[in-house]
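Notes to accompany the following structure.
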């Protein structure tokens with residue numbers, strides 16, 4: 001809405017596959033760290049911390065499995081990146097509910113979040129005008145929304161299933177406030193930044209890649225062709241070539 005679509009997305013050109021081992025490593029680190037995020041919120045080694053710890057693991061594992069099953073049902077192969085995406089969706093969804101729902105309910109939250117997020121990703125990818133590179137809103141946004149609403153449904157003693165709608169109503173109200181605040185605040189800050197400094201790089205820099213054009217280094221493919229292309233598009237190519245050659249040698 002503010003930044004605009006990538007040039008490659010507009011031309012409908014395919015992008016390179018992510019580094020799958022790094023995706024797996026990052027997901028593992030995130031999953032492990034999320035235990036401290038949720039269980040640590042109890043501020044003590046107590047029952048609340050233990051419940052949060054177990055529910056965090058159950059919801060994430062359930063979402064991971066659900067995501068893979070959805071891929072199979074849709075007629076595609078289950079993928080490692082898909083498994084990681086499902087795991088993150090489960091972590092996001094269980095966060096507000098981690099210490100306040102039963103074990104079975106945490107599994108249900110993970111499964112429902114995976115269903116909703118996967119459907120949103122599939123819908124988004126079928127819309128050529130939407131360019132959400134990392135599926136942030138379908139996974140983090142909707143996953144969090146699902147978790148927040150289902151917390152109001154299943155929360156021990158005060159959830160909707162226990163005959164009281166007060167907490168659920170507060171969660172809906174809080175959700176509306178946060179979504180509005182985040183959307184309006186982000187839109188205004190991005191517009192201001194665009195006016196003052198600009199948000200997009202030049203088309204030539206985008207085509208070359210931000211690693212080289214902005215950081216003078218390549219993440220995955222350090223080769224002579226990339227280096228020569230980069231040098232030919234910069235006026236200070238001699239100095240850059242020297243720095244890049246030194247970095248390659250070291």
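Every number in this text was worked out from the coordinates using simple rules, so none of it is lab data. Small disclaimer: the values here were computed from a predicted structure and weren't measured. Backbone-built Cβ (ideal geometry, glycine too); neighbour counts: all protein chains shown.
Work out the FRET efficiency for residue 80 and residue 162 from their Cβ-Cβ distance, taking R0 = 41 Å, and round it to the nearest 0.05.
Here the calculated transfer efficiency is 0.55.
Taking 22 Å as R0, compute the FRET efficiency from the Cβ-Cβ separation of residue 216 and residue 25 and round it to 0.05.
0.30
If each residue of separation counts as 0.36 nm, what is the full-extension length gain between residue 7 and residue 131 once their alpha-carbon separation is subtracted?
43.6 nm
Above 13 Å lies some portion of the pair distances; for the stretch 150-216, what is it as a whole percent of all C-alpha pairs?
73
For each of 67, 123, count neighbouring Cβ atoms within 10 Å of the residue's Cβ, then give the residues from fewest to most.
In order of increasing Cβ crowding within 10 Å: 123, 67.
How much of the calculated P(r) for the stretch 116-194 lies past 17 Å, in percent of all Cα pairs?
Looking at the stretch 116-194, the distances longer than 17 Å represent 60 percent of pairs.
Efficiency by 1/(1 + (r/R0)^6): what FRET value for residue 195 and residue 175, r their Cβ-Cβ distance, R0 = 45 Å, to the nearest 0.05?
FRET efficiency, residue 195 to residue 175: 0.90.
Order the peptides 107-114, 194-201 from the highest to the lowest mean number of other Cβ atoms within 10 Å of their residues.
Peptide ranking by packing, descending: 107-114, 194-201.
How are the alpha carbon pair distances in the stretch 104-158 distributed across 10 Å bins from zero to the largest one, expressed in percent?
Binned Cα distances yield the sequence 24, 45, 22, 8, 1.
Measuring from label point to label point, each 7 Å out along Cα→Cβ, what is the residue 122 to residue 46 span in nm?
Modelled inter-label distance: 4.3 nm.
Quick one: what does P(r) look like for the stretch 7-196 with 10 Å bins over all Cα pairs, in whole %?
Percent of pairs per bin, in order: 9, 30, 35, 20, 6, 0.
Show me the three semi-axes of the equivalent ellipsoid for the stretch 30-135, from the C-alpha gyration tensor (sqrt of 5 times each eigenvalue), largest first, rounded to whole Å.
After scaling each eigenvalue by five and taking roots: 28, 14, 11 Å.
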